[in-house]
Amino acid sequence: MLEFIIVLAVVAVLAAWAVGQYNALVRLRNLVQESWKQIDVELQRRHDLIPNLVETVKGYAKHEKGTFEAVTEARNMASAPGSTVAQQAAQENVLTQALGRLFAVAEAYPDLKANVGFQQLQQELTNTEDRIAAGRRFYNANVREFNTKIEMFPTNVIAGMFHFVKAEYFEIEDQAVRQTPEVKF
């Protein structure tokens, strides 16, 4: 009888531990999903600002049609639903490059740079980019914690039993962004 109680107690402790680990994995998975949704909100804000920015620049630089089309196409691709995190990151990188070309065009037009509407749009886009960067850091930290928990023993046993899969990081693939800036005096 005592042996049965000991076995039952061990089974109860193991079951409680398994439930706790499962719940911790669910909490982390939900945190990863929530942090991705926050990035998604900021990306949508960014996508909404871009048409206004393009129209403002168009008024000053009518002959830069190729640049406007590239930005519009990149925006449409980046705002398309159903992408994985890696695909979204790649699409956002293309959009960032296209926006860089748009701002390079704007540099050639002093009247445009002095336009209050353009300055406000540029500031809004800069603020949004900052929020996206902060969201990306938060998301990637949550992904790191979730993935680490999935890979560590003995939690990996529970993760495997319930088909928890590693989350994808939201990474910058633009090599120009990754390079160390060169400073010359």
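Here, each number is a calculation from the coordinates, and none is a lab measurement. Being a predicted model, the structure only gives us computed values, none of them experimental. Note: ideal-geometry Cβ built from the backbone for every residue, glycine included; neighbour counts use all protein chains shown.
Compactness check for region 70-121: Cα Rg over 2.2 N^0.38 Å is 1.38. Would you list which lysines come within 27 Å of LYS113, measuring only between C-alpha atoms, while excluding same-chain residues fewer than 8 positions from it? Result set, ordered by chain and number: LYS58, LYS62, LYS65, LYS184. Local charge for ASN147 was computed over the other residues whose Cβ lies under 12 Å away, with Lys and Arg +1 and Asp and Glu -1, and equals +1.
For THR126 and PHE103 in the same chain, what is the full-extension length gain: residue separation times 0.36 nm, less their Cα-Cα distance, in nm?
Difference between extended and current length: 7.1 nm.
Within the shell defined by Cβ-Cβ distances under 10 Å, the residues around ARG46 carry a net charge of -2, with Lys and Arg each +1 and Asp and Glu each -1.
For the chain, the Kirkwood estimate of the hydrodynamic radius, built from every pair of different alpha carbons, is 19.7 Å. Could you give the angle, 0 to 90 degrees to the nearest 10, between helix 85-107's Cα long axis and the longest principal axis of the Cα atoms of the chain? Relative to the chain, helix 85-107 is tipped by roughly 20 degrees. Ellipsoid fit via the Cα gyration tensor, region 52-138: semi-axes of 25, 16, 9 Å, each the root of five times an eigenvalue, largest first.
DSSP loop trypsin sites (Lys or Arg not before Pro) in region 62-97 with at most 13 other Cβ atoms within 10 Å of their Cβ, which ones? Counting only loop positions with at most 13 other Cβ atoms within 10 Å, the trypsin sites (Lys or Arg not before Pro) in region 62-97 are LYS62. Partner lysines whose Cα lies under 27 Å from the Cα of LYS149, excluding those fewer than 8 positions away in the same chain, are identified as LYS37, LYS166.
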